Amino acid sequence: MRFKRVLQEHLKFILEKEELEILPRGFQSIGSIMILKLDKRLLEKKILIGEACFKIYPYIKSIYLNLGIIKGQMRQPERIEFLMGVDQPIIIHKEHEVKYKLDITKIMFSKGNLKERKFLTTFVKPGEILVDMFAGIGYFSLPIAKHTKVAKIYSIELNPVSFHYLKENIILNHLENKIIPINGDCKVEVRKLSEAGIKADRIVMGVFPAPIEYIEDALTLTKEEGTTIHFEGVVDKYNYVDLFNTFSTIANNNGYLSNLTSERFVKSYGPNLAHVVLDIFVVKNKNHRSINFDI
Ligand SMILES: C[S@@+](CC[C@H](N)C(=O)[O-])C[C@H]1O[C@@H](n2cnc3c(N)ncnc32)[C@H](O)[C@@H]1O
């Protein structure tokens, strides 16, 4: 809200009263890049607004306009257009001693997940085998590989652009000996890992709205002594239990017991929705008997 007030102050003699009212309340930034989302009634005034932003934040070198949404399963920005300043959308963002190279016009980077990117590393014990099923450019794989004594991370990513940056980021951070990047659909790739005899101590399932249709596949990587799954989802603000129940039912039907060991609120996702992470311990149910309905 402070941004809107300061912007209104700068533009009070330039924009109409109604235009001042619909100025954005905030913006996204990554390094020296500002990404602005403007009401379409303000698009004619975008240069004036951009100039005011440069005055308010002298550290900003480039401004891009977000003219769409983050779209689909691959979480790609629909339309990000250069507005003014330096047109250099490929950047190296440093966070938590990790370098993330990405093209901001093609790939999302959510600053709201910063705490989670750091926090996840605190779970990982020396020698663990990890599978990151929705690796993106290495959002979780890179900090875990950098800050823990993990033995191996299998990082699976479907989108070829994200996969390209995942590979670059592994090299940029000198983590080639810890991360194995795999390009493909994790539904297929997880099964291949499991057929090759790979078992995971930990699985990261970080994609929206919640990777429910991938639970069955993830379970095939469960170790004899159990596996922890970090399961993301968007839920009704005060009800993550339904999401856990869904997980637990699928696990049960497949012969696994699951225990919700902890959960976290990551960020707000609209008025009543929240992005949460559930930490779930799964282990094979030795008493489970599968029933075949052969006729
Ligand atoms: C954007 S990341 C989310 C990372 C993290 N949750 C965050 O918010 O920082 C999710 C990634 O999963 C990838 N993805 C979606 N479906 C996939 C699938 N079936 N197999 C592998 N990767 C997939 C997308 O391309 C995307 O890069």
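Figures for the structure shown
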| quantity | calculated |
| --- | --- |
| Segment 20-35, residues that are more than 30 Å from V98 (Cβ to Cβ) and open to solvent by 30 Å² or more (accessible area, probe 1.4 Å) | E21, I22 |
| Residue check, K106 touching a helix residue (DSSP H, G or I) at 6+ places or on another chain (Cβ under 8 Å) and part of a loop (DSSP other than H, G, I, E, B) | yes |
| Residues satisfying the stated conditions in segment 179-191, i.e. farther than 24 Å from V124 by Cα and either away from the ligand (no atom under 11 Å from the Cβ) or in a loop (DSSP other than H, G, I, E, B) (or both) | G184, D185 |
| Test result for F208, among the aromatic types (F, W, Y), within 14 Å of the ligand (Cβ to nearest atom) and modelled with pLDDT under 95 | yes |
| The listed residue being open to solvent by 10 Å² or more (accessible area, probe 1.4 Å), within 27 Å of G197 (Cα to Cα), assigned by TED's automatic domain parsing to the domain that holds V124 and more than 16 Å from the ligand (Cβ to nearest atom), out of S258, S262 | S258 |
| All positions within segment 122-141 that are away from the ligand (no atom under 11 Å from the Cβ) and part of a helix (DSSP H, G or I) | T122, F123 |
| Where a residue in segment 156-176 is in a helix (DSSP H, G or I) and its partner, wherever it lies, is basic (K, R), with Cβ under 7 Å and at least six apart | V161/K106; Y165/K101; E168/K101; N169/K99; N169/K101; L172/K99; L172/K101 |
| Qualifying residue in segment 42-60 (condition: within 28 Å of P160 (Cβ to Cβ), among the aromatic types (F, W, Y) and either surrounded by fewer than 17 Cβ atoms within 10 Å (Cβ to Cβ) or touching an Asp or Glu at 6+ places or on another chain (Cβ under 8 Å) (or both)) | no |
| Filtered residues of segment 238-249 (kept if touching a helix residue (DSSP H, G or I) at 6+ places or on another chain (Cβ under 9 Å) and open to solvent by 40 Å² or more (accessible area, probe 1.4 Å)) | T246 |
| Residue check, K101 more than 13 Å from the ligand (Cβ to nearest atom), closer than 18 Å to S162 by Cβ and not assigned by TED's automatic domain parsing to the domain that holds F27 | yes |
| Qualifying residue in segment 212-222 (condition: open to solvent by 20 Å² or more (accessible area, probe 1.4 Å), part of a strand (DSSP E or B) and within 24 Å of E116 (Cβ to Cβ)) | no |
| Condition check for I198: in contact (Cβ under 8 Å) with a residue 60 or more places away in the chain, β-branched (V, I, T) and away from the ligand (no atom under 11 Å from the Cβ) | yes |
| Residue, surrounded by the fewest Cβ atoms within 10 Å (Cβ to Cβ), within segment 169-183, restricted to residues that are out of contact with any Ser or Thr (no Cβ under 6 Å at 6 or more places or on another chain) and hydrophobic (A, V, I, L, M, F, W, C) | I171 |
| Scope segment 240-295; condition closer than 25 Å to L114 by Cβ, assigned to a loop (DSSP other than H, G, I, E, B) and either without any contact (Cβ under 8 Å) to a residue 24 or more places away in the chain or out of contact with any strand residue (DSSP E or B) (no Cβ under 7 Å at 6 or more places or on another chain) (or both); matching residues | G270, P271 |
| Segment 85-98: number of residues that are crowded, with 16+ Cβ neighbours inside 10 Å and over 27 Å from E263 (Cα atoms) | 4 |
| Options V190, V235: the member that is closer than 24 Å to F140 by Cβ, surrounded by 12 or more Cβ atoms within 10 Å (Cβ to Cβ) and at pLDDT below 95 | V235 |
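Residue-by-condition table, conditions (1) surrounded by fewer than 19 Cβ atoms within 10 Å (Cβ to Cβ); (2) over 25 Å from E263 (Cβ atoms); (3) away from the ligand (no atom under 11 Å from the Cβ); (4) within 15 Å of the chain's Cα centre (by Cα):
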{"site": "L120", "(1), (2), (3), (4)": "no, no, no, yes"}
{"site": "I144", "(1), (2), (3), (4)": "no, no, yes, yes"}
{"site": "I153", "(1), (2), (3), (4)": "no, no, yes, no"}
{"site": "N159", "(1), (2), (3), (4)": "no, yes, no, yes"}
{"site": "K167", "(1), (2), (3), (4)": "yes, yes, yes, no"}
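The values are calculated or read from the model by the stated rules, or taken from the named source; none is laboratory data. A quick note: this is a predicted structure, and the numbers were derived from the prediction, not measured. Note that we place each Cβ from the backbone using ideal geometry, even for glycine, and neighbour counts take in every protein chain shown. Side chains included, ligands, DNA and RNA excluded: accessible areas come from the protein's heavy atoms. Shrake-Rupley method; radii C 1.70, N 1.55, O 1.52, S 1.80 Å.
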